[in-house]
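Notes follow once the structure below has been shown.
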Amino acid sequence: KYEQAHQLTAEQSALVEKAIAREKVVIKNIQQRTPLVETYIQDMRPDPKLYQVPIGDTYMLSRVDFRKSFVDKPYAVRNKNHGFFKGSAGALASIGKALHMDKETYNNEGFTQMMFLDPTGFDQQHYVFSYVRREFLGAVRTWEFDVHPKVSGNGRFTGRIWIEDQDGNVVRFNGSY
């Protein structure tokens, strides 16, 4: 359960604003690129003795295009019959089938959307921030905040964030959309 919202101090508010600004810079920088995203999921089933046991693996390889919107596209090989990589298309297709990349069980886009808190409205106009405590994540000093949308809506984040105290980067978040 998350803490009750209360007024932030000037120092806490400044750190939240710094984190919001850093998130915008990260989003702007990543919109200029199309990174390759690798996702691995291990499917589990309940087991009376071991609690859960693995029953299968799903591996997804995607190219993410953030230029116009936050959209995930499955990896596709271009110019498959040209040059040095002319046999790559068949090899990638075989690897994809072996790794069960051909099944439509998981939505790649859902994983891509979870890379960011809220790429279009992460700010104090759309969210309530409530200070929880200071905490170390390894050797990184962080301030922990609960975050709730002022008005619930599709794609709005509800959860907890950890902001490192040096540069204001969000170094961890945990919650739902």
message: Using a Förster radius of 22 Å, what is the FRET efficiency between Lys150 and Val37 based on their Cβ-Cβ separation? Nearest 0.05, please.
response: 0.15
- line: For Val128, the residues 5 or more places away or on another chain with a placed amide H closer than 5 Å to its own amide H are His148, Lys150
query: Ignoring ligands, DNA and RNA, what percent of the 1.4 Å accessible area of segment 14-68 is carbon and sulfur?
result: 54 percent
message: If DNA, RNA and ligands are ignored and the probe is 1.4 Å, what is the ranking of Ser13, Ser62, Ser152 by accessible area, most exposed first?
response: Ser152, Ser13, Ser62
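The values are calculated or read from the model by the stated rules, or taken from the named source; none is laboratory data. The shown structure was predicted, so the numbers you read here are calculated from the model rather than taken from an experiment. Please note: Cβ atoms are built from the backbone with ideal geometry, for glycine as well, and neighbour counts cover all protein chains shown. Quick note on the areas: whole protein, heavy atoms, side chains included, nothing else; ligands and nucleic acids left out. Shrake-Rupley method; radii C 1.70, N 1.55, O 1.52, S 1.80 Å.
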